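Right, one structure below, let's go through it.
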Amino acid sequence: RGKRAFIAGVADDNGYGWAIAKALAAAGAEILVGTWVPALNIFETSLRRGKFDESRKLPNGSLMEISKIYPLDAVFDSPEDVPEDIKTNKRYAGSSNWTVKETAEVVKNDFGTIDILVHSLANGPEVSRPLLETSRKGYLAAISASSYSFVSLLQHFLPIMNPGGATLSLTYIASERTIPGYGGGMSSAKAALESDTRVLAFEAGRKASIRVNTISAGPLGSRAAKAIGFIDKMIDYSYANAPVQKELSADEVGNAAAFLVSPLASAVTGTVVYVDNGLHTMGIAI
Ligand code: NAI
């Protein structure tokens, strides 16, 4: 039987989530995606109108199929957590069952089980503010959307994951080295995500034979990254200073992800794997 993957954090064809979905589809997995509720409409419309057909092409010439797109807001665990202004917001009102707990329930009803869970989402409302100027609210929002969202997804999806399955998230080196400009508590959120990768690898490994890894990815001009503002500078910096001097493509991260969640990596868990052309190894820019 082919494997089934749920990929949270796909809303266009530019980001790492899309590239991971493609790499998994190319390897024969069935693809389910979780799309942030406010981005759902435009994503589904674009997909339906063929806007992504070019980038849906797999190496064998066929187009990636997404079996189902689930609305998801990973900062809410269950309906009780949703405040009134979100409930009545018209971008949310058209969708239902999008808290993490409900999403896992609907996936269970639709498909029974999954084998692979991918977390490719982050959000930090104050990302452009230095940490020294970040509010408590902004900091906690970054942690909620970018770190706890993974804990919550794993909590709720673990019971429907087949033993031997694997989970994966995306992190960034700002967790361990200072990257001026990656503010708002986002560096803190990535540090938490990496630490949680180790603890959750132990807990999910013992409890359900599930692996937990994270990819520390190099810079990519995704929608989220463009919102931060200095992504072009980071891409140029990486090109100039990484051991392998080439542009990093999202597909390279997708391929590494496919390896990590596959049986080829059956003994790999609790790790941070760098997919960054080796930039993390450099001590100085030359
Ligand atoms: P992206 O924009 O393709 O993906 C981020 C996704 O998160 C979007 O689809 C957005 O709708 C979704 N999202 C935001 N808040 C959400 C919520 N509350 N619930 C559900 N979904 C939500 O951008 P990208 O850059 O591909 O990001 C994917 C992951 O890769 C993130 O964890 C990011 O931090 C990480 N990463 C990105 C790098 C880059 O240079 N682009 C470098 C290293 C890591």
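List of remarks:
- Sole residue being under 18 Å from Tyr172 (Cα atoms) and touching a residue at least 60 places away in the same chain (Cβ under 8 Å), chosen from Ala250, Ala265, Ala242, Ala256: Ala250
- Residue count for region 29-73, restricted to those that are under 15 Å from Gly17 (Cβ atoms) and free of Cβ contacts under 8 Å to residues at least 24 places away in the same chain: 1
- Subset of region 222-234 that is in contact (Cβ under 8 Å) with a residue 60 or more places away in the chain and under 14 Å from the mean Cα position of the chain (by Cα) - its residue that is surrounded by the fewest Cβ atoms within 10 Å (Cβ to Cβ): Arg223
- Residue that is basic (Lys, Arg) and farther than 29 Å from Thr103 by Cβ, where the choices are Arg177, Arg198: Arg177
- Tallying residues that are over 21 Å from Ala142 (Cα atoms), in a helix (DSSP H, G or I) and within 16 Å of the ligand (Cβ to nearest atom) within region 92-104 yields 3.
- Qualifying residue in region 177-195 (condition: hydrophobic (A, V, I, L, M, F, W, C) and either touching a strand residue (DSSP E or B) at 6+ places or on another chain (Cβ under 7 Å) or more than 27 Å from Gly138 (Cβ to Cβ) (or both)): yes
- Residue among Val118, Val106, Val100 that is more than 26 Å from Arg198 (Cα to Cα), in contact with a strand residue (DSSP E or B) (Cβ under 8 Å, 6 or more places away or on another chain) and touching a residue at least 12 places away in the same chain (Cβ under 8 Å): Val106
- Listed by first and then second residue, the pairs with beta-carbon distance under 7 Å, at least 6 apart or on different chains, first residue in region 201-221 and within 20 Å of Ala5 (Cα to Cα), second charged (D, E, K, R) and away from the ligand (no atom under 14 Å from the Cβ), are Ala201/Arg211; Gly205/Arg211.
- Single condition Thr271 does not satisfy, out of (1) surrounded by fewer than 15 Cβ atoms within 10 Å (Cβ to Cβ); (2) touching a residue at least 60 places away in the same chain (Cβ under 8 Å): (1)
- Within region 122-131, being within 16 Å of the ligand (Cβ to nearest atom) and either in contact with a strand residue (DSSP E or B) (Cβ under 6 Å, 6 or more places away or on another chain) or farther than 21 Å from Trp18 by Cα (or both) holds for Pro125, Glu126, Val127, Ser128.
- Pairs with Cβ under 7 Å, 6+ apart, first in region 149-160 and surrounded by fewer than 23 Cβ atoms within 10 Å (Cβ to Cβ), second β-branched (Val, Ile, Thr) and in a helix (DSSP H, G or I): Ser152/Val100; His156/Val100; Ile160/Val107
- For region 188-204, a tally of residues being surrounded by fewer than 23 Cβ atoms within 10 Å (Cβ to Cβ) and touching a Ser or Thr at 6+ places or on another chain (Cβ under 6 Å) returns 5.
- Filtered residues of region 86-114 (kept if under 30 Å from Pro163 (Cβ atoms) and surrounded by fewer than 21 Cβ atoms within 10 Å (Cβ to Cβ)): Asn97, Lys101, Glu102, Glu105, Val106, Lys108, Asn109, Asp110, Phe111, Gly112, Thr113
- Elements of type helices (runs of 4 or more DSSP H) in region 1-82, at least 1 residues being surrounded by fewer than 19 Cβ atoms within 10 Å (Cβ to Cβ) and within 14 Å of the ligand (Cβ to nearest atom): 37-48, 53-56
All of the numbers you see were taken from the coordinates with simple rules; none came from a lab. Just so it is clear, the structure is predicted and the values come from calculations on it, not from any experiment. Every residue, glycine among them, receives a Cβ derived from its backbone with ideal geometry; neighbour counts consider all protein chains shown.
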